[in-house]
Amino acid sequence: MNSYVSHLECAYSGKKYEPGKIHTISEMGKPIIVKYDLERIAAEVPRSSIGDSKEPGFWRYAPLLPVCSEKNRVSLGEVVTPIIALENLESTLGFDAKAVFVKDESRLPTGSFKARGLGMAVSMAKELGVKHLAIPTNGNAGSALAAYATRAGIECTVLCPDNTPTINVRETQMQGASTHLVNGLIGECGGIIAEGSEEMEWFAVSTLKEPYRIEGKKTMGLELAEQMGWSLPDTIFYPTGGGTGIIGMWKGFKELIELGWIEDKLPRMVSVQSTGCAPIVRAWEEGHEFAEYWEGAETISSGIRVPSALGDFMILDAVRSSGGFAISVTDEETLDIQHQIGLSEGLLLCPEGAATVAAYRNSVDSGLVSSSESVILFNTATGLKYPMPDVTSKIDKNNVEYSVFKAR
Ligand SMILES: *Cc1c(COP(=O)(O)O)cnc(C)c1O
């Protein structure tokens, strides 16, 4: 079997690269992206065949994915993640809004949307015969890589800064990765991998340093379009770290338009960051093409604690050409809204997901977004992986004071 991949190319210069070979970054040091023969897909694959697919997760979009042989698809039971309406916004946000939905990516294997990108990268590694994968990670990418690599029978080494949340480090080890804590930042973990790659025969799957994680993340956009009856919302709020998700979705939308599967009206893409690490927001505000390194990055939203993104110009392009914007929120706003959404909607968002809710509220308050727009907020991981407040109320079984149940 073959894929519909026509070639690969440098996302900046357009320089072409051959398919079927192992690629990292382009000659200019920029990400390499995958291009498809969309004319042939349009001629051979009817849109309705996607709806008829028996595949329960992102493999249903196989014609738009780079894997050639079905036997190389590495799967851990992916699902189409639900879109859940927020129904009690009046109490949490102070205004009512009828078309605000959370796309809940926490339902994917390993509890985060990193499963999409790394599931795809591992499948391509399998197809191309790569034997040992390595990654620097602040958390969710490591456990997703560990799970999929183990599933594929590929060795895997994960390097984490020693302040990575314990749960992420442990789950990574439990899913078969050789897991190590480094007394340094994520960039320094990446440096160790780059330097040792030849000796250790590692292939690095760092964000945007290989072409296929984007293709996996792209399926968030394809899935959203299919779920909404091949249409899209007015605005998408996305918690942005390395940016594979926003870049991937934007790429996917453009492919769908070229295929004629959706109309030429795309959502505004809003990049959400934390005030403690907001390189993309700063570059957007200053009108720059690239983002400068963010010194002293610090936020509880570890998934978006990324001081420097290789695909910065691609994130900024998606934001600008969609008529969107970039916005940051404080950790206090994030934690407060995470708690509020738990109390009012019964949804335990991750901080990164809660940050999109806070950004949405602030955007409506400042008039950037209208409360009548249809909005999708991405909850990128399960809230269960993050610290939560202690339960402090204690009951003495021999001396129950019922008044404590009344105070809430
Ligand atoms: C990695 C991660 C992000 C950022 O994703 P990008 O697509 O790389 O910008 C957001 N939220 C969580 C929970 C993550 O793990």
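The values are calculated or read from the model by the stated rules, or taken from the named source; none is laboratory data. In this text, all values refer to a predicted model and were calculated from it rather than measured experimentally. For neighbour counting, all protein chains shown are included, and Cβ atoms are generated from backbone atoms with ideal geometry for every residue, glycine included. Calculation scope for accessible area: heavy atoms of the full protein, side chains included, ligands and nucleic acids excluded. Shrake-Rupley method; radii C 1.70, N 1.55, O 1.52, S 1.80 Å.
Listed by first and then second residue, the pairs linking a residue in segment 32-51 that is of a type in the set (Lys, Arg) to a residue that is in a helix (DSSP H, G or I), with Cβ atoms under 8 Å apart and 6 or more places separating them unless they lie on different chains, are 47/259. Within the set 235, 207, the sole residue that is on the phi < 0 side of the Ramachandran plot and either at pLDDT 95 or above or open to solvent by less than 10 Å² (accessible area, probe 1.4 Å) (or both) turns out to be 235.
One line per residue, one yes/no per condition, for (1) in contact with a Ser or Thr (Cβ under 7 Å, 6 or more places away or on another chain); (2) within 13 Å of the ligand (Cβ to nearest atom); (3) touching a residue at least 40 places away in the same chain (Cβ under 8 Å); (4) among the acidic types (Asp, Glu):
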| residue | (1), (2), (3), (4) |
| --- | --- |
| 233 | yes, no, yes, no |
| 239 | yes, yes, yes, no |
| 243 | no, yes, yes, no |
| 248 | no, yes, yes, no |
| 293 | yes, no, no, no |
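With the requirement that a residue be open to solvent by less than 50 Å² (accessible area, probe 1.4 Å) and in contact with a His (Cβ under 6 Å, 6 or more places away or on another chain), what does segment 9-44 give you? 17, 32 - these are the residues of segment 9-44 that are open to solvent by less than 50 Å² (accessible area, probe 1.4 Å) and in contact with a His (Cβ under 6 Å, 6 or more places away or on another chain). Residues in segment 369-394 that are part of a loop (DSSP other than H, G, I, E, B), modelled with pLDDT under 95 and in contact with a helix residue (DSSP H, G or I) (Cβ under 7 Å, 6 or more places away or on another chain): 386, 393. Just one residue in the set 65, 76, 93 is modelled with pLDDT of 95 or more and open to solvent by less than 50 Å² (accessible area, probe 1.4 Å); that residue is 65. Considered as a group, the residues in segment 144-167 that are modelled with pLDDT under 95 and of a type in the set (S, T, N, Q) include one that is surrounded by the most Cβ atoms within 10 Å (Cβ to Cβ), and that residue is 164. Tallying residues that are assigned to a helix (DSSP H, G or I), open to solvent by less than 10 Å² (accessible area, probe 1.4 Å) and within 9 Å of the ligand (Cβ to nearest atom) within segment 112-123 yields 1.
Residue count for segment 248-290, restricted to those that are within 23 Å of residue 117 (Cα to Cα), open to solvent by 10 Å² or more (accessible area, probe 1.4 Å) and of a type in the set (A, V, I, L, M): 3.
Scanning segment 328-368 for residues that are touching a helix residue (DSSP H, G or I) at 6+ places or on another chain (Cβ under 9 Å), crowded, with 24+ Cβ neighbours inside 10 Å and within 21 Å of residue 224 (Cβ to Cβ) turns up 341, 349, 350, 352, 353, 354, 355, 357, 359, 360.
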